[in-house]
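J.: Structure provided below as structure tokens; questions to follow.
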Amino acid sequence: MSEVEQVRSPAPTEDLSVKEAERERLKDEKEQVDDEELVEEEEEDEEALPHSEFLDIFEEGLARIVQDPLLCDLPIQVTLEEVNSQVALEYGQAMTVRVCKADGEVMPIVVVQNATVLDLKKAIRRFMELKQQREGGVKHISWRYVWRTFHLVFEGEKLEDDKMKLKDYGIRNRGEVTFMKKLRKK
């Protein structure tokens with residue numbers, strides 16, 4: 001054999017090591033592809049979380065948040081509006097108006113500091129709707145009938161002007177407003 005032929009033909013051990021290196025490279029590539037597919041499947045599993053399980057996880061987290069001393073007065077099925085109201089109360093941006101019904105029930109209604117009578121009426125309506133959703137009971141209240149039949153009274157003065165601010169009537173934080181039945185005109 002000539003020198004050229006000897007250089008061109010690899011030794012049997014060199015041939016095996018090249019083949020082994022190629023096999024290792026292919027094996028590593030296959031493992032990498034398998035790992036990527038596994039990660040994609042896990043991501044799909046996370047995205048495919050059933051709605052009911054998602055709600056359970058969300059409610060558990062919400063229950064932990066509501067245990068905070070600032071939010072402990074709120075119900076378990078709290079709404080964002082209720083959380084925002086509670087935070088506004090803490091910062092002095094809102095006030096609680098205690099609305100007393102004829103049956104003795106007192107409703108703590110949260111309104112902004114510069115709220116009008118109409119804002120208070122809307123907050124009472126929202127409070128009652130949330131209460132009914134949580135406790136069940138009457139499905140529909142005719143608020144038109146309620147405001148035609150009853151009026152709100154603070155220290156003997158009727159809150160008749162919907163555009164007037166509560167402060168102008170002298171209502172402050174923890175002020176008590178009463179539902180009173182209107183007298184019929186004869």
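Readers should treat all values here as calculations from the given coordinates under stated rules, not as data from a laboratory. All of these numbers come straight from a predicted model, not from anything done at the bench. Cβ placement follows ideal geometry from the backbone for every residue including glycine, while neighbour counts extend to all protein chains displayed.
J.: Place +1 on the Cβ of every Lys and Arg and -1 on the Cβ of every Asp and Glu in segment 138-186, take the dipole about the Cα centre, and give the residue among Met164, Val146, Thr178 whose Cα lies farthest towards its positive end.
T.: Among Met164, Val146, Thr178, the one farthest towards the positive end of the dipole of segment 138-186 is Val146.
J.: Let me ask another. Quick one: give the max-minus-min coordinate of the C-alpha atoms of segment 105-186 along each principal axis, largest first, in Å.
T.: In descending order, the Cα extents are 38, 36, 22 Å.
J.: To continue, here is another question. If I stretch the segment between Glu155 and Ala48 completely, what's the gain in nm (0.36 nm per residue apart, minus their alpha carbon distance), one decimal?
T.: Between Glu155 and Ala48, full extension yields an extra 32.8 nm.
J.: Determine the alpha carbon to alpha carbon distance for each of Lys131/Lys163; Lys122/Lys158; Lys139/Lys182; Lys122/Lys181; Lys131/Lys167; Lys131/Lys158 and list only those over 21 Å.
T.: Over 21 Å Cα-Cα: Lys131/Lys163; Lys139/Lys182; Lys131/Lys167; Lys131/Lys158.
J.: Another one. So what are the ³J(HN,Hα) numbers for segment 100-116, from phi and the Karplus equation (6.51, -1.76, 1.60; θ = phi - 60°), rounded to whole Hz, Gly and Pro as x?
T.: Each residue's phi maps through the Karplus curve to give 9, 8, 4, 7, x, 5, 10, 9, x, 9, 9, 9, 5, 4, 9, 5, 9 Hz.
J.: For segment 50-186, what size does the Cα cloud have along each of its three principal axes, sorted from largest down, in whole Å?
T.: Largest to smallest, the principal-axis extents are 61, 35, 25 Å.
J.: Now for a separate question. Using the Kirkwood formula over every pair of different C-alpha atoms, what hydrodynamic radius in Å results for segment 94-135? Mind dumping the intermediate values first?
T.: On the way: mean 1/r = 0.0931 Å⁻¹.
Final number for the Kirkwood radius of segment 94-135 is 10.7 Å.
J.: How long, wide and thick is segment 73-148, going by the Cα atoms along their three principal axes, in whole angstroms, largest first?
T.: For segment 73-148, the Cα spread along each principal axis is 35, 29, 21 Å.
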